[in-house]
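Take a look at the structure below.
The values are calculated or read from the model by the stated rules, or taken from the named source; none is laboratory data. Being a predicted model, the structure only gives us computed values, none of them experimental. Here the Cβ positions follow ideal geometry from the backbone for every residue, glycine too, while neighbour counts run over all protein chains shown. In case anyone asks, the SASA skips ligands and DNA or RNA and just uses the protein heavy atoms, side chains included. Shrake-Rupley method; radii C 1.70, N 1.55, O 1.52, S 1.80 Å.
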Amino acid sequence: MAWSLRKLPTLSDRQFAQWSTLLEERTGIHLVRQQRTLLESQVSIRMRELGLDDYDRYYVEVTHGVSGMMEWSTLVDRIAVKETSFFRHRPSLEYVRRYLQNKINNQQLPGSFDVWSIGCATGEEAYSLAMVINDCFELAALNPYYGITAVDISTTALTKAREAHYSARKLEEVKPEEIKRYLQHCDDGSYEVVSKLRERVCFTQGNIIRPDCMPHVKVDVIFCQNLLVYFRRWLRRDILNALVDRLKPGGLLIIGLGEAVDWEHPKMHRVSVDDVQAYLRDEREEQ
Ligand SMILES: C[S@@+](CC[C@H](N)C(=O)[O-])C[C@H]1O[C@@H](n2cnc3c(N)ncnc32)[C@H](O)[C@@H]1O
């Protein structure tokens with residue numbers, strides 16, 4: 001039987017524990033026992049591609065040397081869930097709009113308006129943020145500096161994000177007037193994000209569980225949705241605490257609804273809006 005068709009043995013309990021621990025230590029992604037099939041199928045598909053049939057031998061390859069690091073990156077691309085779409089949670093994006101409009105109206109704009117989209121997957125979230133921010137500045141006839149740094153652990157997702165080409169299926173939540181202004185219909189039926197938005201978004205590889213590797217700047221908005229949900233509660237809390245230090249005073253943090261139910265921080269207060277989980281960093285802080 002050809003290599004590609006041969007079925008690999010199932011992961012033993014020990015092997016599942018070994019592989020899932022490696023995944024969690026390196027990415028924060030915590031797999032529960034029910035996700036064993038996901039791990040097993042992705043690891044075994046990759047092993048078949050490499051002509052391997054021994055999970056333990058592949059484990060040694062993945063955990064050693066530079067080639068192991070490159071192989072790990074390929075494997076993570078396969079395991080991480082990258083589901084996303086434009087305006088996936090519109091209320092959160094509309095909250096960013098209100099936040100920026102208030103700053104413009106109260107003449108509180110900083111020198112530059114800086115945003116992070118963390119766990120940006122294939123870029124739809126970052127471009128949705130760019131649409132909202134561009135709307136605000138155009139409405140106010142302002143042309144200030146703004147930039148979105150979009151971070152993900154998956155290099156293939158980032159490549160797709162930089163290409164900025166999307167199928168109509170990803171645009172279901174985009175309003176017709178937004179499509180008209182910000183997306184160009186291509187001959188093959190796909191849509192391309194217009195260059196004035198593309199040039200505002202910088203996609204970069206990063207790992208949220210190593211916040212020190214994130215750019216050492218302070219930003220106005222941190223948008224992080226549908227990522228923390230894959231982590232254990234203590235890790236979600238540690239990450240959120242680290243992100244607070246990356247916000248400018250008065251900065252806004254938005255996560256997915258219910259992704260950190262009981263998180264509190266002395267420098268942050270939760271915004272009282274039902275359908276958005278947002279926190280503002282205090283403007284004035286005790287030294
Ligand atoms: C389900 S997608 C969410 C995409 C988008 N934020 C949304 O809400 O539609 C989760 C993304 O987080 C990325 N990811 C997983 N672990 C990560 C980590 N430790 N650091 C950065 N990104 C990570 C995955 O590669 C994936 O693209």
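Can you name every one of the helices (runs of 4 or more DSSP H) wholly within the range 134-205 that holds 2 or more residues which are within 16 Å of the ligand (Cβ to nearest atom), buried (at least 17 other Cβ atoms within 10 Å of the Cβ) and under 23 Å from the mean Cα position of the chain (by Cα)?
On the way: elements: 155-163, 176-182, 195-198.
Counting at least 2 such residues, we get 155-163.
Considering only the range 275-282, I want to know if a residue exists there that is within 19 Å of Gln108 (Cα to Cα) and part of a loop (DSSP other than H, G, I, E, B).
yes
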Which of (1) in a helix (DSSP H, G or I); (2) within 20 Å of Val151 (Cα to Cα); (3) open to solvent by less than 50 Å² (accessible area, probe 1.4 Å) is the odd one out, the single condition Met69 does not satisfy?
(3)
Can you tell me which residue in the range 109-125 is nearest to the ligand (Cβ to nearest atom), limited to those that are hydrophobic (A, V, I, L, M, F, W, C) and not in a strand (DSSP E or B)?
Ala121
In the range 206-240, how many residues are more than 16 Å from the ligand (Cβ to nearest atom) and part of a loop (DSSP other than H, G, I, E, B)?
3
In the range 255-269, anything within 16 Å of the ligand (Cβ to nearest atom) and surrounded by fewer than 18 Cβ atoms within 10 Å (Cβ to Cβ) is listed as Leu257, Gly258
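Given the residues Pro110, Pro91, which is the only one that is open to solvent by 10 Å² or more (accessible area, probe 1.4 Å) and modelled with pLDDT of 95 or more?
Working: Pro110 fails: modelled with pLDDT of 95 or more.
Just one listed residue meets the conditions, Pro91.
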